[in-house]
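What follows is a single structure, written as structure tokens, with notes after it.
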Ligand code: DGJ
């Protein structure tokens with residue numbers, strides 16, 4: 001690992017990073033491995049803020065959502081806990097709940113920071129499948145928890161056929177993953193099942209478009225189909241406008257970015273904490289239609305099958321560099337979650353497709369060389 005020796009105690013230790021080393025321990029200003037898993041980054045006030053799940057010896061939340069700040073993307077200062085778990089055992093975000101994949105966006109109209117995250121209620125495994133929202137006046141928090149819910153209750157997706165909006169008796173007994181089950185799923189079986197109580201919301205991200213409209217993208221329908229929903233002007237709720245993407249596609253871990261008027265998305269397959277092959281898509285509008293572009297990974301067969309042993313969480317536009325995006329992913333360690341590692345890799349473009357290649361070590365000069373190609 002390369003350190004730039006600085007001879008000063010800038011970060012509470014006498015070195016600073018000047019490169020990314022995917023998969024290695026990544027220490028903060030206090031010398032502690034960064035604890036911000038399933039994270040996302042907001043750029044504000046000339047600073048990057050990295051929000052992510054604090055993990056300990058288990059995957060459930062005992063602390064809450066952590067936040068770190070950085071000017072250069074290599075060196076991160078621990079800014080504390082942005083959203084704390086609650087000490088109240090009756091709170092939805094009490095210690096022991098599951099708070100995953102937090103994403104923070106800034107609302108220009110209200111001047112507030114809004115955090116969305118996947119919430120599972122304590123003691124219920126992954127049954128609740130809710131999305132949670134919190135808000136703050138200050139980027140590093142403290143964030144005030146507002147509510148959680150299953151989105152779009154009582155509403156049909158925009159791209160849902162009229163004929164599918166009726167009850168279809170007899171589907172309850174279909175064997176999971178049988179051919180008729182896949183067929184029924186594509187034709188909206190789970191959407192109908194969850195119509196009244198709201199659609200399931202698990203792995204998620206939030207994307208703000210250039211016109212300020214924000215979208216919540218999440219795995220729904222028992223993780224078999226992605227839903228993309230428009231958020232209200234204040235980003236604190238859903239407008240009710242939503243679409244299904246890749247019905248029966250089994251996509252998790254969505255990460256979205258926009259480049260030259262095209263939207264790109266990278267997702268994973270559905271294998272719990274175990275790594276699998278990533279997928280990529282593109283669209284002319286956030287609400288789709290999304291066209292599959294295949295596995296974005298270039299490398300060995302093992303790299304392709306396991307996405308460098310990682311799962312996507314966010315794609316970060318690098319400030320001041322046109323066409324510069326960083327693929328952020330987690331190398332989960334379910335047997336010791338706090339030791340989970342971060343895989344950050346530059347996004348290449350090949351024939352209009354985002355492509356990922358492995359680097360043992362790299363730095364932001366990569367994007368300048370790319371510009372000169
Ligand atoms: C895969 C998801 O991407 C993670 O965020 C987490 O929910 C695990 N599944 C839980 O098994």
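Only the coordinates and a few stated rules stand behind these numbers; no lab work does. Please read all numbers here as calculations on a predicted model, not as lab measurements. Cβ coordinates were reconstructed from backbone atoms using ideal geometry, including for glycine residues, and neighbour counts include every protein chain displayed.
Compactness of segment 215-373 was expressed as the Cα radius of gyration divided by 2.2 N^0.38 Å, which yields 1.05. Calculated on the Cα set of segment 93-132, radius of gyration then Dmax: 12.4, 38 Å. One chain, two ends: residue 304 and residue 178. Fully extended at 0.36 nm per residue, the span grows by 42.7 nm beyond their Cα-Cα distance.
Only DSSP H runs of four or more residues enter the estimate; each adds -39500 (n - 2.57), and after division by the residues of the chain the mean residue ellipticity at 222 nm equals -2000 deg cm²/dmol. In segment 134-276, one over the average inverse separation of all distinct C-alpha pairs is 16.5 Å, which is the Kirkwood hydrodynamic radius. Remark: the residue 233-residue 45 segment gains 65.5 nm on full extension, using 0.36 nm per residue and subtracting the alpha carbon distance. In this simple spin-label model, placing a label point 7 Å from the Cα along the Cα-to-Cβ direction at both residue 335 and residue 72 gives a separation of 3.6 nm. Computed from label points 7 Å out along Cα-Cβ, the spacing between residue 124 and residue 94 is 1.3 nm. Going 7 Å from the Cα of residue 164 along its beta-carbon direction, which residues of segment 202-235 have the amide nitrogen within less than 19 Å of the resulting point? Residues passing the 19 Å test: 202, 216-230. Approximating the spin labels as points 7 Å out from Cα along Cα→Cβ, the residue 348-to-residue 57 distance works out to 4.3 nm.
Computed extension gain for residue 24 through residue 321, at 0.36 nm per residue and net of the alpha carbon distance, reaches 104.4 nm.
Taking the Kirkwood radius as the inverse of the mean 1/r across Cα pairs, report the Rg/Rh of the chain. Radius of gyration over Kirkwood radius for the chain works out to 0.96.
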